[in-house]
Amino acid sequence: MREREIRPENWSIIFKLVMLLYVTGSVYVSESGLTNWYTAAILLYISMELFSHIMRSATLQRAGAAASILFIITLSYELNPMLALLIPVNLHRLAGPLLRHPAPILLLMMAPILLLPKELYASYGLTASISYLFLTVLSAYTDKSKAYRSTLEAMREEQYRLKKQLHESMEHRRQSEYMFKLEERNRLSQEIHDRIGHSMTGALIQMEAAKRLYATDAARSAELLQNAIHISKEGIEQIRQVLKSMKPLKEQLGINRMRLLADEFAATHEMETQLTYEGNLDRIEPLHWHIIQQNVTEALTNTVKYAEATAVSIHIQVLHTMIKASVSDNGTGASKVIKGLGMIGMEERTAAVGGKVIVDGSKGFAVTMLIPLASA
């Protein structure tokens, strides 16, 4: 179970309580001892402090600190001078927000020493110094804590905005893909209806006519049947053309998946991502595309984890006898490359098709895959 952290503003209350216990203990062991009036005054002082801390307004808090100072001064004259040791804490609380420079605050906290008996000079000076050091450090810590919380909240809002933007982008892409499928389905249906449907209908009509004329006019029936056969052949050819236009080329499947991978990586990590390619991509087999995509995904993951890069490039090149695929970034690089499970997996996948992986960390970090072509 996670422990609750003490908030910075509560440390000042704890410090005041410690000072109050110290003063009360000093009074208790003194000749005057604790009286009923002293006990009632201390309870009233604690009530004033609690009321002052409950107030949300900074003006009311400063007013409460000023009232506490006046009350302590009165008690130190009427009951016991030791109570003056509680003044520095309230002076810092009163003057801290108004005086930004540390020297005037320290002088103000030391000023009441001139009104005290000489035997309290050392105790008051030590108490004022300790109070100044503790409360100054606490004030700096509180300011940094507030700035940290503000930055953290801004980062959370930015993260929420980016997640929302990414979700909207992915939703827009899904809607676009769905609309594209509907449009493609409608186009295919219309093309089948306009071209193939009419051909098949014409062939069916001529075969029906040939059937009716078969007994009375065999020559005409044979002519109509031949026309139906010709129309059916044309219809079959049209079906082949439609199916051929629907089926994308192998390189389109592979490079489109790589383009989608690069776009998703750039949108998710806000890193400039570039995809380039050259050569006859149709020579890359589906198995090779699968290995390249897995290795590129692993290389991009390593870039995010270790490279501290702002840009990454993916380049696929089909040479005469092999495929060269590389992922390089502008990050810190590495003088000595330590192969983890991801890098070992890349080498094993590439070696399965007779290829190899080359890594270079001298200028940024680059991973190059060399895969021999099947026809080479």
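The values are calculated or read from the model by the stated rules, or taken from the named source; none is laboratory data. All of these numbers come straight from a predicted model, not from anything done at the bench. All Cβ positions, glycine included, derive from the backbone under ideal geometry; neighbour counts span all protein chains shown. Surface areas here come from the heavy atoms of the whole protein model, side chains and all, with no ligands, DNA or RNA. Shrake-Rupley method; radii C 1.70, N 1.55, O 1.52, S 1.80 Å.
Mind grabbing the accessible area of Arg240 for me, 1.4 Å probe, Å², rounded to tens?
Only protein atoms counted, so the area is about 150 Å².
How big is the accessible area of Glu308 in square angstrom, nearest 10, if you roll a 1.4 angstrom probe over the protein chains?
150
Name the long-range amide H neighbours of Ala334: under 5 Å, sequence gap of 5 or more, or other chain; modelled H, no Pro or chain starts.
For Ala334, whose amide H was placed from the backbone, the distant partners under 5 Å are Gly361, Ser362.
From the square roots a ≥ b ≥ c of the eigenvalues of the alpha-carbon gyration tensor of the range 252-372, which class results: rounded (a/c under 1.5), prolate (a/b over b/c), or oblate?
oblate
For the range 316-376, report the accessible area per residue in Å² (1.4 Å probe, heavy atoms, rounded to an integer).
Value for the range 316-376: 54 Å² per residue.
In what sequence, largest accessible area first, do Phe15, Phe134 appear using a 1.4 Å probe?
Phe134, Phe15
Summarise the accessible area of the range 252-372 (1.4 Å probe, protein heavy atoms) by the percent that is carbon and sulfur.
Carbon-and-sulfur percentage of accessible area, whole number: 52.
Please give the length that would be gained between Leu287 and Leu17 if that part of the chain were fully extended, namely 0.36 nm times their separation in residues minus their C-alpha to C-alpha distance (nm, one decimal). Walk me through the numbers before you get to the answer.
Numbers: separation 270, 0.36 × 270 = 97.20 nm, distance 7.36 nm.
Extra length from Leu287 to Leu17 when fully extended: 89.8 nm.
Ordering Tyr214, Tyr277 from largest to smallest accessible area (1.4 angstrom probe), what's the sequence?
My answer, sorted largest first, is Tyr214, Tyr277.
Please give the net charge around Ser328, taking every other residue with its beta carbon less than 9 angstrom from that of Ser328, where Lys and Arg add +1 and Asp and Glu add -1. The partial results should precede the final answer.
Values: positive: Lys363; negative: Asp329, Asp360.
Computed value for this residue: -1.
Which of the residue pairs Lys164/Lys305; Lys211/Lys233; Lys181/Lys356 have a Cα-Cα distance greater than 30 Å in the structure shown? Don't skip to the end; give the middle numbers.
Working: Lys164/Lys305 23 Å; Lys211/Lys233 19 Å; Lys181/Lys356 39 Å.
Long pairs (Cα-Cα over 30 Å): Lys181/Lys356.
Once phi is turned into θ = phi - 60°, what whole-Hz ³J(HN,Hα) does the Karplus curve with 6.51, -1.76 and 1.60 give for every residue of the range 221-234, x standing for Gly and Pro?
These are the phi-based 3J(HN,Hα) values: 5, 5, 5, 5, 5, 5, 4, 5, 5, 5, 5, 5, 4, 5 Hz.
Would you pull out the residues with amide H under 5 Å of Tyr277's amide H, same chain only if 5 or more places away, H placed 1.01 Å from N?
Amide H neighbours of Tyr277, under 5 Å, 5+ apart: Ile316.
Given a Förster distance of 30 Å, report the FRET efficiency between Leu70 and Asp143 from their Cβ-Cβ distance, rounded to the nearest 0.05.
The pair Leu70/Asp143 has a calculated efficiency of 0.60.
May I ask you to evaluate 6.51 cos²θ - 1.76 cosθ + 1.60, the Karplus curve with θ = phi - 60°, for each residue of the range 351-362 and list the ³J(HN,Hα) values in order in whole Hz, giving x for glycine and proline?
Karplus-based 3J(HN,Hα) across the range 351-362 equals 5, 5, 10, x, x, 8, 10, 10, 10, 9, x, 6 Hz.
Once phi is turned into θ = phi - 60°, what whole-Hz ³J(HN,Hα) does the Karplus curve with 6.51, -1.76 and 1.60 give for every residue of the range 67-78, x standing for Gly and Pro?
5, 5, 4, 4, 5, 5, 4, 4, 5, 5, 7, 8
Want the number for Ile239 to Glu153: 0.36 nm per residue separation, take away the alpha-carbon distance, what's left? Intermediate values should be presented prior to the final figure.
Details: separation 86, 0.36 × 86 = 30.96 nm, distance 6.02 nm.
Gain on stretching Ile239 to Glu153: 24.9 nm.
Which order, highest average first, do 113-126, 153-166 follow once you tally other Cβ atoms within 10 Å for each residue and take the mean per peptide? Numbers along the way, then the final one.
Numbers: 113-126: 13.4, 153-166: 10.5.
Going from most to least packed, we get 113-126, 153-166.
Between Leu133 and Ile358, what FRET efficiency comes out of the Förster formula 1/(1 + (r/R0)^6) with R0 = 45 Å and r the beta carbon distance, rounded to 0.05?
Approximately 0.15, to the nearest 0.05.
Could you tell me the calculated FRET efficiency between Arg185 and Leu162, based on Cβ-Cβ distance and R0 = 30 angstrom, to the nearest 0.05? Write out the running numbers ahead of the final one.
Working: r = 34 Å, r/R0 = 1.14.
So, using R0 = 30 Å, E works out to roughly 0.30.
Using 7 Å Cα-to-Cβ label points, what is the Val304/Glu348 separation (nm, one decimal)?
Here the answer is 2.3 nm between the modelled labels.
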